1. What number goes with the only condition from (1) at positive phi; (2) within 17 Å of the chain's Cα centre (by Cα) that GLY31 does not pass?
2. Is there any pair linking a residue in the range 169-180 that is over 12 Å from ILE139 (Cβ atoms) to one that is surrounded by fewer than 21 Cβ atoms within 10 Å (Cβ to Cβ), with Cβ under 7 Å and at least six apart or on different chains, and which?
3. Could you check how many residues of the range 185-240 are within 21 Å of GLY146 (Cβ to Cβ) and of a type in the set (Phe, Trp, Tyr)?
4. Can you tell me how many residues within the range 1-37 are part of a helix (DSSP H, G or I) and either of a type in the set (Lys, Arg) or free of Cβ contacts under 8 Å to residues at least 60 places away in the same chain (or both)?
5. Which residues, taken from the range 179-210, are part of a helix (DSSP H, G or I) and either closer than 30 Å to SER241 by Cβ or of a type in the set (Phe, Trp, Tyr) (or both)?
6. Considering only residues that are touching an Asp or Glu at 6+ places or on another chain (Cβ under 9 Å) and part of a strand (DSSP E or B), look in the range 136-178 and name the one that is nearest to LYS107 (Cα to Cα).
7. Determine which single condition GLU102 fails, assuming it passes every other condition in (1) surrounded by fewer than 19 Cβ atoms within 10 Å (Cβ to Cβ); (2) more than 30 Å from HIS205 (Cα to Cα).
Amino acid sequence: MSNQLQGRVALITGAASGLGRAFAEALAAEGACVVIDDIDEAGGKETEQRILIAGGAATFHRADISSSEEVQGLIGTTIAQQGRVDILINNAGVQHISPIHEFSEEKWHQLIGVMLTGPFLTTKYALPHMIAQKRGRIINISSTQGLVASEFKAAYVAAKHGILGLTKVTALEGARHNITAVAVCPSYVRTPLAEMQIAGQAQYHGISEEQVTERLMLAPAALKRLLEPSEVAALVLYLCSDSAHAITGTAIAIDCGWTAR
């Protein structure tokens with residue numbers, strides 16, 4: 001541990017489990033004060049306690065990032081309690097599997113709200129504070145499905161493609177203020193969200209979960225395995241460091257060779 005993020009405040013959405021929890025623990029281990037956001041209160045408080053027990057600094061706030069009012073409250077509370085926000089990681093995600101002609105409009109709005117409107121709102125309300133500080137890092141968690149498409153995931157793919165555009169605009173507008181923005185595009189990661197996708201695809205296609213993993217999830221990849229949350233967290237930690245200051249306005253794939261074809 002080098003404490004390379006000592007004194008910095010990192011706000012991470014969707015940090016009650018999976019990738020978000022891995023990001024929170026990795027940044028806290030390097031000295032950052034981590035603000036954990038999720039609608040899962042039990043999971044969010046568990047992440048908070050894990051970090052506190054390990055000797056780090058963390059606080060949990062419940063906010064639905066698809067709501068402007070709740071995002072403003074989240075950012076306002078963070079500034080009131082911590083005095084600043086140096087790092088914003090937009091990670092919150094949900095999934096729904098369905099062909100387009102059967103896709104629930106309610107589910108469409110939910111997914112776009114969490115994974116595209118949400119990052120817009122957190123960025124919108126965090127940026128003024130980063131501009132005042134003359135420093136900021138914004139990391140948006142996209143997906144390989146922000147680079148290529150998959151069947152039956154219209155809203156997820158649309159949101160993850162959209163976040164790449166938001167990242168580029170944020171990078172261009174933020175550069176004059178010493179603010180960078182990067183999108184990270186992982187392939188399937190061993191998380192609760194991936195497990196839910198496996199179950200959904202198995203039900204839709206009428207095959208076993210093992211067959212979903214082999215035939216659908218890992219077939220496009222050169223390395224036939226799921227990513228571990230710690231691997232993606234290591235990349236995100238680097239992007240939060242001073243060494244990554246020149247990386248902005250781009251998408252970085254960590255995908256076991258999925259997009260090499």
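Read-outs: derived from the displayed coordinates by stated rules, not from any lab. As the structure is a computational prediction, the values presented were derived from the model and not from experiment. For neighbour counting, all protein chains shown are included, and Cβ atoms are generated from backbone atoms with ideal geometry for every residue, glycine included.
1. Only one criterion is unmet by GLY31, namely (2).
2. Filtered contacts from the range 169-180: LEU172/GLY249; ALA175/THR248; HIS177/ILE131; HIS177/LYS134; ASN178/LYS134; ASN178/ARG135.
3. Here the count works out to 2.
4. Of the residues in the range 1-37, the ones part of a helix (DSSP H, G or I) are 18-29.
In the following step, the residues that additionally are either of a type in the set (Lys, Arg) or free of Cβ contacts under 8 Å to residues at least 60 places away in the same chain (or both) were identified as 21, 24, 28-29.
The qualifying residues number 4.
5. PRO192, LEU193, ALA194, TYR204
6. ARG137
7. Checking GLU102 against (1) surrounded by fewer than 19 Cβ atoms within 10 Å (Cβ to Cβ); (2) more than 30 Å from HIS205 (Cα to Cα), the one that fails is (2).
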